[in-house]
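One structure is given here, and the rest of the page talks about it.
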Amino acid sequence: DTEVTQTPKHLVMGMTNKKSLKCEQHMGHRAMYWYKQKAKKPPELMFVYSYEKLSINESVPSRFSPECPNSSLLNLHLHALQPEDSALYLCASSQGDNEQFFGPGTRLTVL
Amino acid sequence: GQSLEQPSEVTAVEGAIVQINCTYQTSGFYGLSWYQQHDGGAPTFLSYNALDGLEETGRFSSFLSRSDSYGYLLLQELQMKDSASYFCAVSSQAGTALIFGKGTTLSVSS
């Protein structure tokens with residue numbers, strides 16, 4: 001299995017809602033990532049987990065809360081988001097220093 | 001600061017060769033990667049250079065010069081399906097975060 005899966009594909013939420021994005025990989029990769037991508041822009045790194053421990057948090061607001069329950073799963077908990085948080089949220093994983101495998105993303109709309 | 005510069009748009013015809021350049025200025029450097037992203041899709045890995053020189057993978061090649069902080073992606077025998085955004089990305093630390101350039105939109109016409 002050489003893919004990263006993400007659920008849901010699309011999510012619409014209000015500013016007072018709490019929701020979670022899920023990411024799964026079964027390639028045995030040691031590192032997992034969350035990126036945020038706005039239209040016509042490059043992916044921006046949010047969080048990095050290495051061996052299930054948070055190793056990088058790129059000054060992301062606390063309304064985004066990552067969680068890595070085990071080596072295959074990565075969650076992103078969302079609470080009290082703003083309309084400007086609407087974007088494509090991409091999960092990725094990697095084993096070595098070169099290739100990152102990206103999931104298809106969750107397209108999030110905050111109303 | 002950290003920055004990666006690449007052209008915003010490139011156009012070409014089928015069968016042609018295109019080179020997308022990338023210059024970078026980062027606080028650390030571990031390697032230069034290239035990713036392709038079609039509209040509505042996820043980035044997919046194309047190539048990686050950690051050492052100076054040329055890496056060839058089918059129709060795509062990538063080059064790196066660490067002393068010049070410069071690399072390029074060479075796409076040969078262009079096909080319509082190559083129309084996409086191409087991002088260069090730097091790994092500033094071993095095996096972790098990627099810093100992406102702004103992306104180059106390649107349009108291939110017949």
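Where a number appears in this text, it was derived from the coordinates with a stated rule and is not lab data. All values reported here derive from a predicted model rather than from experimental measurement. Note that each Cβ is placed from the backbone with ideal geometry, even for glycine, and that neighbours are counted across all protein chains shown.
Things to note:
- Between the residues B:L32, B:S83, B:L98, the greatest Cα displacement towards the positive end of the dipole of chain B, with unit charges on the Cβ of Lys, Arg, Asp and Glu, is found for B:L98.
- Efficiency of FRET between B:S110 and B:Q25 - r from beta-carbon atoms, R0 35 angstrom, step 0.05: 0.40
- Entries in A:K19/B:K81; A:K19/A:K40; A:K18/B:K81; A:K40/B:K81 that, when Cα-Cα distance is taken, lie over 29 Å: A:K19/B:K81; A:K18/B:K81
- Charge dipole (Cα centre; +1 on Lys/Arg Cβ, -1 on Asp/Glu Cβ; no other charges) of chain B amounts to roughly 200 debye.
- Total charge dipole magnitude, the range A:19-111, about the Cα centre, Cβ charges on Lys, Arg, Asp, Glu only, Debye to nearest 20: 280
- Kirkwood-Stokes translational diffusion coefficient of chain A, alpha-carbon pairs, 20 °C, 1.002 mPa s, µm²/s: 154
- Here the relative contact order of chain B, from alpha carbon pairs under 8 Å that lie six or more residues apart, stands at 36 percent.
- When the charge dipole of the protein assembly as shown is built from unit charges on Cβ atoms (+1 for Lys and Arg, -1 for Asp and Glu) and taken about the Cα centre, the candidate among A:N17, B:L64, B:G15 whose Cα reaches farthest toward its positive end is A:N17.
- Under the combined filter of DSSP loop state and at most 13 neighbouring Cβ atoms within 10 Å, the range A:1-51 retains these trypsin sites (Lys or Arg not before Pro): A:K9, A:K38, A:K40.
- Span from the the range B:12-84 Cα centroid across to the the range A:9-76 one, whole angstrom: 26
- For A:S55, the residues whose modelled amide H falls within less than 5 Å of its own, excluding neighbours fewer than 5 places apart on the same chain, are A:V48, A:Y49, A:S50.
- Each Lys or Arg adds one and each Asp or Glu takes one away; over the other residues whose Cβ falls under 12 Å from the Cβ of A:L81, this sums to +2.
- Looking at the range A:22-99, the chymotrypsin sites (Phe, Trp or Tyr not before Pro) that sit in a DSSP loop and have at most 10 other Cβ atoms within 10 Å of their own Cβ are A:Y51.
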